[in-house]
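Notes follow once the structure below has been shown.
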Amino acid sequence: MNSTSHAHSTLSSRGISFAIIAAVYIVAGLLFLLVFRWLERASASPLLSLFVADVVATVIVWFCGVIFKNVSVYDPYWSVAPPVMLTFWISIVGFNTPYLLLLVAVWLWGIRLTANWAYTFKGIQHEDWRYTRYRKESHPVIFHLINFFGLNMMPTLLVFFCMVPALLLPGQPHDANVLSYIAMAVCLAAVAIELIADMQRHRFVRQRTSRDEILQTGLWHHGRHPNYFGEISFWWGVWLMYVSVYGFSCRPWLIVAPLAMTALFLFISIPMMERRQLQSKPAYAQYRDHTRKLI
């Protein structure tokens with residue numbers, strides 16, 4: 001097969017794969033809506049109904065991942081669910097200026113992250129290296145438990161919990177204040193940092209001459225994980241929007257939400273990524289020793 005035919009074949013395969021992923025998420029979205037409306041008619045609280053519907057949608061995506069033997073079917077859920085859920089939620093509880101600011105920020109965040117996933121998406125047959133490692137190193141039964149609870153349900157629960165400060169914003173008319181706009185600025189800056197980090201990384205991958213090379217320019221010169229720094233900052237911005245409306249003293253336990261997201265990246269995502277980098281790139285140790293982790 002010549003290069004042109006191979007390119008057309010790859011494009012066709014990706015197109016079919018995108019269609020499959022879209023179908024999976026449409027089905028999950030319809031089940032989400034049906035479950036929410038059913039619980040609403042049963043007089044369940046709206047927040048509980050939203051949570052249960054989110055869990056049911058996750059189960060659908062997980063099940064489809066099992067069918068296709070690819071945990072990466074879940075990957076877009078992280079960025080697709082929050083803007084859709086927040087939009088749906090606002091249509092129920094009401095609309096005000098802080099919600100408008102946050103809705104814009106969440107949609108920009110979701111579009112950026114989903115676009116980055118789409119850019120790196122190789123097809124339904126390609127699974128992220130982290131999931132492949134779990135699949136190879138675990139007993140099949142253990143892997144399925146890890147897959148369901150750790151790789152699918154845990155991120156859903158964490159993201160939902162981090163969305164709670166947004167979901168608890170008042171539905172009645174409410175004006176934004178200085179802190180509201182600061183929270184908006186934090187969210188937008190976080191999205192900008194992630195976008196710039198993504199663009200620099202993609203350009204580096206296209207231009208590098210060896211897989212042993214390490215990206216050490218731009219934002220990556222100042223921190224080893226600027227993309228993760230942006231992601232962490234975004235969720236602090238969401239929490240800060242809640243604080244701008246209710247103050248620090250109302251539901252102080254909600255600070256656990258951005259703290260939990262920070263802990264996920266500091267103690268799970270970053271160590272896992274760096275172990276892989278150290279194993280595959282000998283020069284990464286020196287880069288790590290001379291470059292800050294996040295900032």
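Please treat every number below as a calculation from the coordinates, not as lab data. Only a predicted model underlies this, so the values are computations on that prediction, with no experimental measurement involved. Positions of Cβ are backbone-derived with ideal geometry, glycine not excepted, and every protein chain shown enters the neighbour counts.
Every Cα-Cα pair in region 176-295 was counted, and those over 22 Å apart are 43% of them. Close amide H partners of F121, meaning residues 5 or more places away or on another chain with modelled amide H under 5 Å apart, do not exist here. Computed 3J(HN,Hα) for region 178-188, one whole-Hz value per residue from the Karplus formula 6.51 cos²θ - 1.76 cosθ + 1.60 where θ = phi - 60°, is 4, 5, 4, 6, 5, 4, 4, 5, 4, 5, 5, glycine and proline marked x.
Packing, taken as the mean count of other beta carbons within 10 Å per residue, orders the peptides 145-152, 51-58 from highest to lowest as 51-58, 145-152.
If you take the Cα centroid of region 196-255 and the Cα centroid of region 38-52, the two points sit 34 Å apart.
Expressed as a rounded percentage, what relative contact order does the chain have, with Cα pairs under 8 Å and six or more residues apart? Relative contact order for the chain comes out at 19 percent. Spherically averaged projected area of the convex hull of Cα atoms, region 55-207: 10.3 nm².
For the chain, the average shadow cast by the Cα convex hull is 17.6 nm², which is a quarter of the hull's surface. Contact order, relative form, for region 176-295: 39 percent (alpha carbon pairs under 8 Å, 6 or more residues apart, mean separation divided by residue count).
Rounded to the nearest 20, the Cβ-based charge dipole of the chain about its Cα centre (Lys and Arg +1, Asp and Glu -1) stands at 760 debye.
Hey, if you put +1 on the Cβ of every Lys and Arg and -1 on every Asp and Glu Cβ in region 176-295, which of S269, C250, A192 ends up farthest toward the positive end of that dipole? The one lying farthest along the dipole's positive direction is S269. Before anything else, pin down the relative contact order of region 69-147: Cα pairs under 8 Å, at least 6 apart, normalised by residue count, whole percent. That works out to 48 percent. Estimated at 0.36 nm per residue, the fully extended path between I255 and S138 surpasses their Cα-Cα distance by 38.6 nm.
In terms of packing, defined here as the mean over residues of other Cβ atoms within 10 angstrom, the peptides 200-211, 128-139 line up highest first as 128-139, 200-211. Couplings 3J(HN,Hα) of region 65-77, computed from phi: x, 5, 4, 8, 6, 8, 5, 5, 4, 6, 3, x, 4 Hz, in residue order, whole Hz [Karplus 6.51 cos²θ - 1.76 cosθ + 1.60, θ = phi - 60°; x for Gly and Pro].
Fewest neighbouring Cβ atoms within 10 Å first, the residues E213, E274 line up as E213, E274. From helices alone, the chain scores -24000 deg cm²/dmol at 222 nm; the rule is -39500 (n - 2.57) for each run of n ≥ 4 DSSP H residues, then divide by the residue total. Karplus-derived 3J(HN,Hα) values for region 284-289, using 6.51 cos²θ - 1.76 cosθ + 1.60 with θ = phi - 60°, are 5, 4, 5, 4, 4, 5 Hz; glycine and proline are entered as x.
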